[in-house]
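Q: My questions will all concern the structure given below.
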Amino acid sequence: MDRLRQRADFLAVANGARANSPAFVLQSRRRDDSGPVRIGFTVTKKNGNAPERNRIRRRLRELVKRLDPVSMQPHHDYVLVGRRDALSRDFAAMLDDLRIAFTKPARHTHKGRGPRTDGSRPGPAPATSRKPD
């Protein structure tokens, strides 16, 4: 299992399937090559200061180490996006959440936030005018 390090790889995985949990979001994407499973970790600044973010990232890495590698599908990239609850959530519960996230069928995951294919764009709500009384 390798690590994702390039920004382009993280962005590609962000458009793939997702599985949500209280402590993290698991994003996944199938690759067309025959390389090993790759996994990346990220925690945004809104989750706390640097020591807190590093603690979240360390907990996520430890989850993946303890996970059975058979549950990960070959030829896939995964990104674990840490949430603030990862600091206080029980580690065993997080490990169960991760196992469930890897076994969720694809129909339960969000299929991406890519560009719209129908050519429409969401616009502002129509303005209403009020007549003075």
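Q: For Arg99 paired with Ala12, estimate the spin-label separation in nm (one decimal), with each label point 7 Å from Cα along the Cα-to-Cβ line.
A: 3.1 nm
Q: Take Glu52 and Phe91, extend 7 Å from each Cα along the Cα→Cβ direction, and tell me the distance between the two endpoints in nm.
A: 2.1 nm
Q: A further question follows. Over all alpha-carbon pairs of segment 2-108, lay out the pair-distance distribution in 10 Å bins, whole %, shortest bin first.
A: Result, from short to long distances: 15, 51, 31, 4 percent.
Q: Which of the aspartates and glutamates could a cross-linker bridge to Lys104, judged by Cα under 19 Å and excluding same-chain residues fewer than eight apart?
A: Asp68, Asp77, Asp96
Q: Can I ask one more? If amide H atoms are built 1.01 Å from N in the plane of the peptide, which residues on other chains or at least 5 residues away come under 5 Å of the amide H of Gly40?
A: It is Leu4, Tyr78, Val79, Leu80, by chain and number.
Q: Sort Arg89, Arg53 so that the residue with the fewest other Cβ atoms within 10 Å of its own Cβ comes first and the one with the most comes last.
A: Ascending Cβ contact count within 10 Å gives the list Arg89, Arg53.
Q: In nm, what is the difference between 0.36 nm times the number of residues separating His75 and Asp33 and their Cα-Cα distance?
A: So the extension gain works out to 14.5 nm.
Q: Straight-line reach from Lys45: which aspartates and glutamates have a Cα under 19 Å away, not including same-chain ones fewer than 8 places off?
A: List returned: Asp85.
Read-outs throughout are calculated quantities, based only on the coordinates presented, and are distinct from any laboratory measurement. This one's a predicted model, so the numbers in the text were calculated from it and none came from an experiment. Because the Cβ atoms are built from the backbone with ideal geometry, glycine has one as well, and the counts that use them run over all protein chains shown.
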